[in-house]
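The structure appears below as structure tokens.
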Ligand SMILES: CC(C)(COP(=O)(O)OP(=O)(O)OC[C@H]1O[C@@H](n2cnc3c(N)ncnc32)[C@H](O)[C@@H]1OP(=O)(O)O)[C@@H](O)C(=O)NCCC(=O)NCCS
């Protein structure tokens, strides 16, 4: 399910100190193939896909769906962020289940370790808090995925529960924007 529901899409590109978040374009296709065929990227996300298969089936403009931001650094795609409406059928065992949006992030390995994911996700969450005020964002990640766990906590997600799925322990966290009081 990709309908983020509560906001208009696409937003204007979002600039951060080092990055731009934007809708995908045809010139991102090679980077999408790279991302989804990378065994490193797939280690905790269900595995990678064969490069030749991706080359065949990847749409001309990949990832052009509501809720998907391409992360660009110096004019080139370095990864993606997803902020789609969570599919209750897929994760019905995990509360809360009120049609929240779910954050996901995938960066090319050469872009790890520079704080780019944190910078991009912070900007996306900030945009989301304005576009869909009060709407919660959830995130699930394998507890063995150290980098992702550190990032989730850094972004302000707090643990709701842990559960077993897909043969591994999963961490389910909730992020709520701070709403100004008074
Ligand atoms: C999860 C993932 C996005 C994390 O990427 P990341 O680069 O480690 O995350 P951050 O942007 O938070 O960067 C943090 C690192 O950058 C370092 N860093 C370097 N320069 C920095 C700067 N200027 N500002 C901030 N941090 C900086 C930090 O010290 C930290 O390093 P450390 O992890 O060795 O302590 C990445 O590993 C990934 O794409 N993995 C594959 C996909 C995946 O598993 N996704 C999870 C499913 S939702």
Members of the stretch 29-42 that are within 16 Å of the ligand (Cβ to nearest atom) and surrounded by 15 or more Cβ atoms within 10 Å (Cβ to Cβ): 31, 32, 33, 34, 35, 36, 37, 38, 41, 42
Near pairs, Cβ below 8 angstrom, 6+ apart or cross-chain, from the stretch 38-55 (within 21 Å of residue 81 (Cα to Cα) and touching a residue at least 40 places away in the same chain (Cβ under 8 Å)) to any residue that is in a helix (DSSP H, G or I) and more than 8 Å from the ligand (Cβ to nearest atom): 41/35
Identity of the residue in the stretch 127-141, surrounded by 15 or more Cβ atoms within 10 Å (Cβ to Cβ) and outside any helix (DSSP H, G or I), that ends up nearest to the ligand (Cβ to nearest atom): 141
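Hey, among 124, 144, which residue is surrounded by fewer than 18 Cβ atoms within 10 Å (Cβ to Cβ), in contact (Cβ under 8 Å) with a residue 12 or more places away in the chain and either touching a strand residue (DSSP E or B) at 6+ places or on another chain (Cβ under 8 Å) or assigned to a strand (DSSP E or B) (or both)? Step through it out loud before you land on a result.
Numbers: 124 fails: surrounded by fewer than 18 Cβ atoms within 10 Å (Cβ to Cβ).
Result: 144 is the single residue among 124, 144 that is surrounded by fewer than 18 Cβ atoms within 10 Å (Cβ to Cβ), in contact (Cβ under 8 Å) with a residue 12 or more places away in the chain and either touching a strand residue (DSSP E or B) at 6+ places or on another chain (Cβ under 8 Å) or assigned to a strand (DSSP E or B) (or both).
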Near pairs, Cβ below 6 angstrom, 6+ apart or cross-chain, from the stretch 93-119 (over 18 Å from residue 69 (Cβ atoms) and at pLDDT 95 or above) to any residue that is within 13 Å of the ligand (Cβ to nearest atom) and outside any strand (DSSP E or B): 109/40
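The values are calculated or read from the model by the stated rules, or taken from the named source; none is laboratory data. As the structure is a computational prediction, the values presented were derived from the model and not from experiment. Don't worry about glycine lacking a Cβ; one is built from the backbone with ideal geometry, like all the others, and counts go over all protein chains shown.
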